[in-house]
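This report refers to the structure that appears directly beneath it.
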Amino acid sequence: MYSLTTTKMCSKSFIETLLQRAQLFADGKEPWKCNGTVVNVFFEPSTRTNLSFQMAAHRLGLHVLNFDCTNSSLKKGESMLDTLQTIEALGANIAVIRSSEDWPAMELDKKVNISLVNAGSGVKDHPTQALLDALTIKQHFGYFQGLTVTIVGDILHSRVARSNIDVLTKLGAKIQLAGPEHYKADDLATFVPWVDFDEAIEESDVVMMLRVQHERHSEKFPYEIGEYHQKFGLTQERVRRMKPNAIMMHPGPVNRGVEIADEVLEDGRCKILQQVRNGVAVRMAVLEVCLLGERYGHLVSA
Amino acid sequence: MYSLTTTKMCSKSFIETLLQRAQLFADGKEPWKCNGTVVNVFFEPSTRTNLSFQMAAHRLGLHVLNFDCTNSSLKKGESMLDTLQTIEALGANIAVIRSSEDWPAMELDKKVNISLVNAGSGVKDHPTQALLDALTIKQHFGYFQGLTVTIVGDILHSRVARSNIDVLTKLGAKIQLAGPEHYKADDLATFVPWVDFDEAIEESDVVMMLRVQHERHSEKFPYEIGEYHQKFGLTQERVRRMKPNAIMMHPGPVNRGVEIADEVLEDGRCKILQQVRNGVAVRMAVLEVCLLGERYGHLVSA
Amino acid sequence: MYSLTTTKMCSKSFIETLLQRAQLFADGKEPWKCNGTVVNVFFEPSTRTNLSFQMAAHRLGLHVLNFDCTNSSLKKGESMLDTLQTIEALGANIAVIRSSEDWPAMELDKKVNISLVNAGSGVKDHPTQALLDALTIKQHFGYFQGLTVTIVGDILHSRVARSNIDVLTKLGAKIQLAGPEHYKADDLATFVPWVDFDEAIEESDVVMMLRVQHERHSEKFPYEIGEYHQKFGLTQERVRRMKPNAIMMHPGPVNRGVEIADEVLEDGRCKILQQVRNGVAVRMAVLEVCLLGERYGHLVSA
């Protein structure tokens, strides 16, 4: 039994194995039929990620239950442990956990006998998002070595950014960050370069836009929408200056006219729907490895 | 791949084919086992319609997912397109859409490669409701030609009324409308007669009551409940004046003592539960035709 | 077709049959594959009980639908009848009903042709909870005759207490009650002894703690948390005075540090997770008997 709670403990070769397996599912290959039950434990609502895991579980032949956490709090590791122990006692095999706060994944993983899959936690980890982004890049370029990936937006609060930095760096890409100074992250400053968006746009192979998450900020959003779009959005003007073979990505859902202009969304180099497609394939690979992990060799448990 | 977004583009013979197929399911015939996933996209809550589609999908062997739209808005066709493209990218086959507002069905249907089924939209279309009502009438009378159907209540805001007018007229019935003058609909005035309820009750073969939808009116409901019931409700007195073989219908859920008196609900000629039963059968036929449409010949895509 | 709406009408031998069957499921025995649909009708939210019934239904091969009752009221038996008749007309086989209020189970059971399973109602009945508690006790001791079971806490508002008193008394155990005088229940006073918790702790074979349900009390909770814990909680001091072979139970979820001290939850004699495990097994047996009841002989319909 394996867990996937952070990419930090995944080796390059394990990530590559997961991506290969996911590609087979993306190509329509049928998985080994698994038996078991997945429980989605979403302390933070996320319709799309929840549905993506449900689709993945269904294609594997698994049952899915939703543990309704609307009124729950994750403040104490203790209550999280109670929840996971209950899910284990109910007979489930995998808990897929989404939370706006970090939780002590390694500690909890030792105390329960079910697989834990992190579907996004705090500002640090979103392993399946980084994997599906990597798969999307691999499908387009065929390789990672030497690619320049610019991540743009609210870096400070972004688990998507941090997980992608970890995964794509391991795979050989060069990452750089851009966006409002206001959203610069101290923990990343020493090892990921901060660049000017308008200069970076011309040298990037991948431009990865982050969602403006009004709902997650306690402080007031310091920009007018139009101003944000002009300064840090993918406008048609910027897209014209991109390399011909470069691609654009976004974890979704897009705020149209904020991160990305309406017309740009129609551009074939905008890979957002491909990311959604790959999300199901990657999550199938992750759930499968949780249940049948030995076939892949060792997945480091977080 | 077919869609069913309005009855307006369905021919009489296509409607008849759907009703025949639904009757087989109502009789307990097992369907072709289909493979696929239905996503229920309900921007407006409707427990019963949602469950009816879920039952229908299960009996066909399909998976059902719920796309939670509680906090979503349908104001812009754009966001609806984003939602449907996401559902397609997740790998689903059919989106069942319920919405209090109209949406540009024909336009959206061209842009996505999944079937769209309208589970009620705006004040104009509720195709599966009209089909299940038609099936209920057909089971009782065996024919439509020459039947007089009186639809009673809030015509102005009723998609049930408009869809039934379209379907039942095509099938040969004669429709007339009654209810508060306040709820008369200009768009229907020129081609569907407005009648006095107390006169109509004696000549109707079908009395179709509409639900008083307090929740949908921004303006204040202009009647006392008791007054509405006395003027426009199915009281025992009115039921006594009905033709012996006439039937009563209601799309549910009934406001007891408002549209229909408690005692009248016990009357064998009150077909409400039969409508619920037929709802599952009709929705099976609709979902099946979406997936396997060629077997039925051409279903006009809305 | 059988219903299980109260344990009051279950004979001792029927209860024993259910427990035997549940033990087989707890041991991993596969059930007869059933066909059918269970609809969960929860007027009062209860994530764990809902999931437990879903797991049980899945293991039996049944479909589960959730009838969303968030905005519904159970004030009138009539609306409950409408709901159940609709569920029947949709083609479901079993309605699992949870409600903070009592409902006229016997009367409704006669009017619909589906099985009714009570998942907790009012302050009187919670049959599957009492059955899973009985199974947990039986697994530990092997018998009931002569065991002393002390139920502790808010007896007044507790359906768990009342259902356990009924079932465990039938099985031969001796029940006594303890807790705040404030929560003494007049209806139980004449036939179940009220004891001092600190004396009872030393002579009890089973100490069954009730949940402090802040959410269910309209009146103010009359204790400080710390004070309640000291007077009526399972502190380490009290646990040290328990018989060596005695066990502790709680219907969950526990308010840590209120009913039970954190450290006590780690004690092997604390059977809370075993109760969760047994919940699925017992509910499998109940759903199975609803669908295939004749194999077990007569289950008295409530």
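Some notes on this structure:
- For the range B:98-156: Kirkwood Rh in Å [reciprocal of mean 1/r, alpha carbons]: 13.9
- Antiparallel DSSP beta bridges within the range C:82-210, percent to nearest 5: 5
- Carbon + sulfur, % of accessible area of the protein assembly as shown - ligands and nucleic acids excluded, 1.4 Å: 50
- Magnitude of the charge dipole for the range C:128-275, about its Cα centre and with charges confined to Cβ atoms of Lys, Arg (+1) and Asp, Glu (-1), is about 500 debye.
- Relative contact order [Cα under 8 Å, 6+ residues apart], the range C:229-298, whole percent: 32
- Over chain C: helical MRE at 222 nm, DSSP H runs n ≥ 4 each giving -39500 (n - 2.57), nearest 500: -11500 deg cm²/dmol
- When every Cα-Cα distance of chain B is counted in 10 angstrom steps from zero, the calculated P(r) takes the values 6, 29, 35, 22, 8, 0 percent.
- Taking C:G179, C:G122, C:G153 as the candidate residues, the one with maximal mean-square fluctuation in a Gaussian network model of chain C, Cα springs under 10 Å, is C:G122.
- Here the Karplus curve 6.51 cos²θ - 1.76 cosθ + 1.60, taken at θ = phi - 60°, turns the phi angles of the range B:262-278 into couplings of 3, 5, 5, 4, 7, 5, x, 7, 8, 9, 4, 5, 5, 4, 4, 4, 5 Hz, with x standing for Gly and Pro.
- Prolate/oblate/rounded call for the range C:1-47, Cα gyration tensor, a/c under 1.5 rounded: oblate
- Summary value for chain A: 25 percent relative contact order, contacts being C-alpha pairs under 8 angstrom separated by 6+ residues.
- Percent antiparallel among DSSP beta bridges (both partners in the range B:128-270, rounded to 5): 0
- C:G36 long-range amide H proximity, modeled H, under 5 Å: C:H63
- Annotation: amide H-H contacts under 5 Å for C:A119 (H modelled 1.01 Å from N, sequence separation of 5 or more, or interchain): C:I97, C:R98.
- For the protein assembly as shown, the solvent-accessible area with a 1.4 angstrom probe is 39 square angstrom per residue.
- Loss of accessible area when C meets A, both sides summed, Å² nearest 100, probe 1.4 Å: 1400
- Directionally averaged shadow of the range A:11-127, computed from the convex hull of its alpha-carbon atoms, nm²: 7.7
- Estimated translational D of the range B:184-249 in µm²/s (Stokes, Kirkwood radius over Cα pairs; 20 °C; 1.002 mPa s): 157
- Using C-alpha pairs below 8 Å separated by at least 6 residues, the relative contact order for the range C:113-222 is 29 percent.
- Taking Cα centre as origin and charging only the Cβ of basic (Lys, Arg, +1) and acidic (Asp, Glu, -1) residues, the dipole magnitude of chain B rounds to 820 debye.
- Here the Debye sum runs over all C-alpha atoms of the protein assembly as shown as equal scatterers in vacuum, and log10 of I(q)/I(0) at q = 0.07, 0.09 Å⁻¹ comes out as -0.66, -1.05.
- Compactness relative to 2.2 N^0.38 Å, alpha carbon Rg of the range C:93-231: 1.13
- Label-point separation in nm, A:K231 to A:D187, each point 7 Å along Cα→Cβ: 2.5
- Label point at C:Y143 placed 7 Å out along Cα→Cβ; residues across the range C:195-212 whose backbone nitrogen lies under 17 Å: C:205-206
- Efficiency of FRET from Cβ geometry, B:D267 and C:E202, R₀ 56 Å, rounded to 0.05: 0.30
- Between the C-alpha center of the range A:203-262 and that of the range B:161-179 there is a gap of 50 Å.
- Note, ³J(HN,Hα) from phi for the range A:35-49, Karplus 6.51, -1.76, 1.60, rounded to Hz, x at Gly and Pro: 10, x, 10, 9, 10, 7, 10, 10, 7, 10, x, 7, 3, 6, 5
- Isotropically averaged projected area of the range B:151-302, using the convex hull of Cα atoms (one quarter of hull area), nm²: 10.5
- Rounded to 10°, Cα long-axis angle of helix A:12-26 versus longest principal axis of chain A: 90
- Distant-in-sequence amide H partners of B:L234 (H built 1.01 Å from N, under 5 Å): B:I260, B:A261
- For the protein assembly as shown, a crude dipole built from +1 on the beta carbon of Lys and Arg and -1 on the beta carbon of Asp and Glu, taken about the Cα centre, is about 2400 debye to the nearest 20.
- Positive-end residue of C:L24, A:Q145, C:I225, charge dipole of the protein assembly as shown with Cβ unit charges: C:L24
- Chain B: most fluctuating residue of B:P222, B:P193, B:P253 per GNM, C-alpha cutoff 10 Å: B:P222
- Figure note: A:W194, A:W32 ranked by solvent-accessible area, largest first, 1.4 Å probe, ligands and nucleic acids not counted: A:W32, A:W194.
The values are calculated or read from the model by the stated rules, or taken from the named source; none is laboratory data. Small disclaimer: the values here were computed from a predicted structure and weren't measured. Don't worry about glycine lacking a Cβ; one is built from the backbone with ideal geometry, like all the others, and counts go over all protein chains shown. Protein only, heavy atoms only, side chains kept; ligands, DNA and RNA dropped before computing areas. Shrake-Rupley method; radii C 1.70, N 1.55, O 1.52, S 1.80 Å.
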